[in-house]
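Colleague: The structure follows.
The values are calculated or read from the model by the stated rules, or taken from the named source; none is laboratory data. This one's a predicted model, so the numbers in the text were calculated from it and none came from an experiment. Every residue, glycine among them, receives a Cβ derived from its backbone with ideal geometry; neighbour counts consider all protein chains shown. To get the accessible areas, we keep the full protein, side chains included, count just its heavy atoms, and leave off ligands, DNA and RNA. Shrake-Rupley method; radii C 1.70, N 1.55, O 1.52, S 1.80 Å.
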Amino acid sequence: MEFTPMRVDELVSTIIPVYNRPRLLQEAVASVLAQDYRPIEVLIVNDGSTDETGQVAEALAARHPVAIRVLHVANGGPGVAREAGRLAARGEFVQYLDSDDLLLPGKFTAQVSGLRAQPECGVAYGKTGHGQDIARAWKRTGERIAAMWPSFLQERWWDTSTPLYRRDVADAAGPWEALRHEEDWVYDCRAGALGTRLCYVDQFVSLTGYTAPDRLSGNTAAPRYWRDRAVAHRLIWQCVQSVGPDFAQPELRHFARALFLLARQCGAAGQTMDAQALFQIARAASPPPRRDGLDFRLYRVLAGLVGWKLAGRIAGAVDGLRR
């Protein structure tokens with residue numbers, strides 16, 4: 001049975017997973033402590049770091065014993081680390097923050113106020129800058145979007161630092177998946193499939209990719225990259241099924257095309273079972289006339305003749321020529 005700590009009203013819990021980033025961790029934590037909102041707590045989740053990151057985290061907690069707690073977990077990637085933080089968090093509101101991102105002043109005050117004023121909304125968000133650029137909103141964070149679903153089917157259009165969740169929504173979305181790639185997209189699609197409405201705060205609230213080009217998710221060339229992405233897309237399809245597919249939605253049509261592309265890419269990478277499964281989901285996610293379209297039929301014949309790996313590589317070469 002899952003242990004849930006007693007929730008503290010008004011408290012904002014910030015969960016920071018970190019792996020081998022001592023300097024960036026200090027900057028991320030400083031951006032939370034600099035918020036003018038109180039009460040807050042910071043949960044640093046040391047994801048099995050092999051350098052001095054763990055010691056730096058403990059030193060931060062020693063300097064701020066009321067605000068900061070440190071959890072040490074075996075290296076499992078960002079999803080596992082965030083889940084450890086979620087289970088330990090006590091706040092009415094939950095903020096996830098990657099160690100190379102920063103919160104901007106006034107974020108908590110603006111977003112908590114927004115959620116108080118709009119009790120029907122489960123998540124507040126605002127503009128996020130990329131790098132050190134706060135002249136332009138990153139992705140779609142400068143747009144006023146009423147609900148997470150179905151917009152998140154098309155893409156994860158904010159960064160981990162952008163939203164502030166009500167704790168009820170964070171818990172209802174369920175546990176973070178033990179993935180190193182697209183685990184954040186799965187989490188937000190689950191929250192969106194609950195019918196979560198959004199509160200928009202018209203100001204810059206965070207910076208993403210502030211310094212480090214590397215991400216906690218690791219090497220995108222590794223075989224696990226394709227396996228994790230395949231699992232993530234299958235889980236998002238489960239969200240679609242829980243809501244009920246609406247084949248008229250452009251977002252679902254976009255997701256179906258993404259599934260077909262990923263099926264070809266997994267095939268080219270030698271992930272035959274994932275390629276076959278994603279191909280079938282891509283057809284199921286397409287409207288009835290489209291799922292039996294010529295491209296699906298031709299690709300299935302090609303894969304049957306030359307195998308899913310070679311078929312994926314041929315399709316990739318053709319896509320390259322088209323571009």
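Colleague: For the chain, state what percent of all Cα-Cα pairs lands in each successive 10 Å bin, counting from 0 Å until the bin that includes the largest distance.
Modeller: Here the calculated profile for the chain is 6, 25, 32, 22, 11, 3, 0.
Colleague: A further question on this structure: Excluding ligands, DNA and RNA, what is the solvent-accessible area per residue of the chain at a probe of 1.4 Å, expressed in Å²?
Modeller: Roughly 43 Å² per residue, with all protein chains present.
Colleague: Sorted by accessible area (1.4 Å probe), largest first, how do 100, 36 line up?
Modeller: So, going from the largest accessible area down, we get 36, 100.
Colleague: Simple spin-label model, 7 Å along Cα-to-Cβ: residue 140 to residue 302 in nm?
Modeller: Those two pseudo-labels are separated by 3.0 nm.
Colleague: Turning to a different aspect of this structure: Tell me, what is the percent relative contact order of the chain, built from C-alpha pairs under 8 Å that lie six or more residues apart?
Modeller: 16 percent
Colleague: Quick one: what do you get for segment 150-307 if you divide its Cα Rg by 2.2 N^0.38 Å?
Modeller: Ratio of Rg to 2.2 N^0.38 Å for segment 150-307: 1.13.
Colleague: Continuing with this model, one more query. Pick out the long, greasy-scoring helices in the chain: whole DSSP H runs spanning 20 Å or more along their own axis by Cα, mean Kyte-Doolittle at least 0.0.
Modeller: Within the chain the helices that satisfy the rule are 250-268, 308-322.
Colleague: So between residue 50 and residue 118, what do we pick up on full extension, going 0.36 nm a residue minus the alpha carbon distance?
Modeller: Extending this stretch completely gives an extra 20.1 nm.
Colleague: According to the square roots a ≥ b ≥ c of the eigenvalues of the Cα gyration tensor, what is the shape class of segment 1-66, taking rounded for a/c under 1.5, prolate for a/b larger than b/c otherwise, and oblate for the remainder?
Modeller: Since a/c reaches 1.5 but b/c is at least a/b, the shape of segment 1-66 is classed as oblate.
Colleague: Length gain on complete extension for the stretch residue 9 to residue 178, per 0.36 nm per residue less the alpha carbon to alpha carbon distance?
Modeller: Length difference between fully extended and current span is 57.9 nm.
Colleague: Okay, moving on. So how far apart, in nm, are the two label points at residue 290 and residue 261 if each is 7 Å from Cα heading toward Cβ?
Modeller: Modelled inter-label distance: 1.4 nm.
Colleague: So, in Å, what gap is there between the alpha-carbon centers of segment 95-125 and segment 226-288?
Modeller: Segment 95-125 and segment 226-288 have Cα centres separated by 31 Å.
Colleague: I need the Debye-formula profile for segment 26-143: one equal scatterer per C-alpha, no solvent, reported as log10 I(q)/I(0) at q = 0.11, 0.16, 0.22, 0.24 1/Å, two decimals.
Modeller: Log-scaled intensity ratios, in q order: -0.41, -0.87, -1.40, -1.49.
Colleague: Would you please classify the overall shape of segment 258-323 from the alpha carbon gyration tensor, given that a ≥ b ≥ c denote the square roots of the eigenvalues, rounded means a/c under 1.5, and beyond that prolate means a/b larger than b/c while oblate covers the rest?
Modeller: Prolate.
Colleague: Okay, moving on. Once amide H atoms are placed 1.01 Å from N in the peptide plane, what residues at a sequence separation of 5 or more from residue 127, or on another chain, have their amide H within under 5 Å of its amide H?
Modeller: Sorted by chain and number, the residues that satisfy this are 203, 204, 205.
Colleague: Over the chain, with every protein chain in place, what whole percent of the accessible area is carbon and sulfur at 1.4 Å, could you tell me?
Modeller: 56 percent
Colleague: Right, here's the next one. Please report the relative contact order for segment 1-132, taking Cα pairs under 8 Å with a sequence separation of at least 6, and give it as a percent rounded to a whole number.
Modeller: Reported relative contact order: 36 percent.
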